[in-house]
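Quick notes on the structure that follows.
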């Protein structure tokens, strides 16, 4: 991102971290397989205009990878933890990184 002298005050990197593209990886533990959790996650991500995927893991968790503006990713993370998802979420572990830009749409794997 290039600072073009906009009205933004402070370091450009702070702005990018807060508002720019981010990559959220979340591992959701609980009763989350076979209950429509991946479909629900996809619908939330599409509503937030995020790209990525959700897949079941062999140990019973669901792995969610989402990219887009950091506020949208944070909203998805809050939704995963909200108790509104199908099934029963016991815990969500998150990891943040820079968006890679290699995802299209949001799919269930």
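The values are calculated or read from the model by the stated rules, or taken from the named source; none is laboratory data. From a predicted model like this one, the values you see are computed outputs, not experimental measurements. Cβ coordinates were reconstructed from backbone atoms using ideal geometry, including for glycine residues, and neighbour counts include every protein chain displayed.
Structure notes:
- Selection within the range 34-52 - in contact with a strand residue (DSSP E or B) (Cβ under 8 Å, 6 or more places away or on another chain) and exposed (fewer than 15 other Cβ atoms within 10 Å of the Cβ): 39, 46, 49
- For the range 83-97, a tally of residues being surrounded by fewer than 14 Cβ atoms within 10 Å (Cβ to Cβ) and at pLDDT 95 or above returns 6.
- Residue satisfying all of: in the range 53-69; out of contact with any helix residue (DSSP H, G or I) (no Cβ under 6 Å at 6 or more places or on another chain) and not in a loop (DSSP other than H, G, I, E, B); surrounded by the fewest Cβ atoms within 10 Å (Cβ to Cβ) among these: 55
- Every pair of residues 6+ apart whose Cβ atoms lie under 7 Å, when the first sits in the range 74-93 and is under 13 Å from residue 25 (Cα atoms) while the second is at pLDDT 95 or above and part of a loop (DSSP other than H, G, I, E, B): 76/48; 76/50
- Boolean, residue 27 is modelled with pLDDT of 95 or more and either farther than 23 Å from residue 97 by Cβ or surrounded by 15 or more Cβ atoms within 10 Å (Cβ to Cβ) (or both): yes
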